[in-house]
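For reference, the structure is listed below as structure tokens.
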Amino acid sequence: PPRSTLFPYTTLFRSLPNFYRDSEGQNWYYIIERINEDRLAYFAVNRSRLQIVMIFRDQYLGPLAQAGLLALLVAFVLSLVMSRWITGPLRRISREARQVADGRAHPIPLEGPEEVRQLAASFNDMTRQVQESQQSQKDFIANVSHELKTPLTSIQGFARAIQDGTAHSSEELAQAADVIGMETARMHRLVQDLLTLTKLDAGTIAFSFKTLDLNPLLDVAQYRFTPRTEAADIHFEVHKSDRPATIYGDPDRLMQLLDNLLDNALKFTPAGGKIILRCEVNGDMVWVHVIDTGEGIPVEEQARIFERFYQVDKARTGGEVRGYGLGLAICQQIVQTHNGELSVTSQPGAGSHFVVKIPLQP
Ligand code: ADP
């Protein structure tokens, strides 16, 4: 080959054979070595005489084997590091997962690759929720047992008094029967509320939804509560909305909601006070307000009154009408099933204002 075509390769590919096709179409492998300043040694061999395997063996096999070994070593070390990086946190997650059932799981530090960190974060979330739910189950059972214990002790005491003759006069017997009747009725209410809540939780309560106007329900509430408010010397006002408050809902459950809210207003408002039940259409929502001038709820407790068994001050809800702190939890569930919101604003000593917001049915 002409020198000009060879020369550039001499420095580039000193030890590797180059390829050249001459003017007669013959193929050559060649190498060029510099001998001194102005001489180059040029070795060429016709390609047909040289086995490609030989070139591969002589030129490439050694370096390839070396590179392969090195790559293997690096891959081995890397895989060790990677597996520790990935499997370390995964092993910790699986260890903690075994403890979740016993309620002894701890939060896992977020380490390792992004996906494993996300898995650890989701695991921590799940553990927290499971622990909260386990705790609320324990609280729930403790609350139910506590609430049942008081009336049962009372019933047992009065029944024993009748049995052993401690209560023998007709008045004493009548009083014992009254207490037993009252406590049994309270327990019955508790069991009914618990059943309602359980069914609402499980979604097994049968809601019969239909398109309805809320205003007629306000009429029913007025009819039901007026005698009670009059007896308690409380001024009761009902304001219906000026246009149809049409929603998609279950009239029985909505009535139960109004009953609960008005029951509370009546329970916590002293004589001479005022209760207002008002309905209005506000944008694409229907708002129902239950406002009273009762004792109110301290700001720090306002979010908690919707929890099961939560009562602001157990002492203040004495007497026959004493509840169990389940009424607002039921209200909350009913409103949520109607895709609505239930909220409260209140000023202790001045009164409470409950608002139910339910989407308007176009
Ligand atoms: P309860 O059956 O004990 O009334 P609720 O779940 O209905 O249970 O209410 C929870 C608590 O919220 C009540 O015990 C009471 O302390 C407080 N509460 C509810 N409504 C009112 C209200 N209108 N005024 C003052 N406090 C209220």
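Quick notes on this structure:
- Hits in region 316-340 (condition: open to solvent by 50 Å² or more (accessible area, probe 1.4 Å) and modelled with pLDDT under 90): ARG316, GLY319, GLU320, VAL321, ARG322
- Of the residues PRO348, PRO270, the single one that is over 26 Å from the mean Cα position of the chain (by Cα) and near the ligand (Cβ under 10 Å from one of its atoms) is PRO348.
- Failed item, numbered, when ARG278 is tested on (1) under 13 Å from VAL356 (Cβ atoms); (2) buried (at least 17 other Cβ atoms within 10 Å of the Cβ); (3) at pLDDT 95 or above: (2)
Residue-wise test of (1) without any contact (Cβ under 8 Å) to a residue 60 or more places away in the chain; (2) open to solvent by 70 Å² or more (accessible area, probe 1.4 Å); (3) hydrophobic (A, V, I, L, M, F, W, C).
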residue	(1), (2), (3)
ASP164	yes, yes, no
HIS168	yes, yes, no
LEU173	yes, no, yes
ARG189	no, yes, no
LEU194	no, no, yes
THR198	yes, yes, no
ALA206	yes, yes, yes
THR211	no, yes, no
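- Close pairs from region 298-313: first open to solvent by 70 Å² or more (accessible area, probe 1.4 Å), partner among the hydrophobic types (A, V, I, L, M, F, W, C) and within 8 Å of the ligand (Cβ to nearest atom), Cβ under 8 Å, at least 6 apart: GLU307/ALA329; ARG308/LEU326; ARG308/ALA329
- Among the candidates ASP139, ASP125, the residue that is of a type in the set (D, E, K, R), in contact (Cβ under 8 Å) with a residue 12 or more places away in the chain and closer than 30 Å to ARG304 by Cα is uniquely ASP139.
- Any hit, region 309-327, residues being under 26 Å from MET182 (Cβ atoms) and touching a strand residue (DSSP E or B) at 6+ places or on another chain (Cβ under 7 Å): no
- Looking only at residues in region 273-283 that are away from the ligand (no atom under 16 Å from the Cβ) and in contact with a strand residue (DSSP E or B) (Cβ under 9 Å, 6 or more places away or on another chain), the one that is farthest from PRO216 (Cα to Cα) is ASN282.
- Identity of the residue in region 232-254, exposed (fewer than 15 other Cβ atoms within 10 Å of the Cβ) and free of Cβ contacts under 8 Å to residues at least 40 places away in the same chain, that ends up farthest from the ligand (Cβ to nearest atom): ARG243
- Of the residues making up region 198-219, those that are within 26 Å of VAL144 (Cα to Cα) and of a type in the set (D, E, K, R) are LYS199, ASP201.
- The residue that is modelled with the lowest pLDDT, among those in region 289-315 that are within 22 Å of ALA142 (Cα to Cα) and within 7 Å of the ligand (Cβ to nearest atom), is ASP313.
- A single entry from ARG104, ARG91 fulfils the requirement of being open to solvent by 100 Å² or more (accessible area, probe 1.4 Å), closer than 30 Å to VAL130 by Cα and at pLDDT 85 or above: ARG91.
The values are calculated or read from the model by the stated rules, or taken from the named source; none is laboratory data. Just so you know, these numbers come straight off a predicted model, no measurement behind them. Please note: Cβ atoms are built from the backbone with ideal geometry, for glycine as well, and neighbour counts cover all protein chains shown. Heads up: the accessible areas ignore ligands, DNA and RNA and are worked out on the full protein's heavy atoms, side chains in. Shrake-Rupley method; radii C 1.70, N 1.55, O 1.52, S 1.80 Å.
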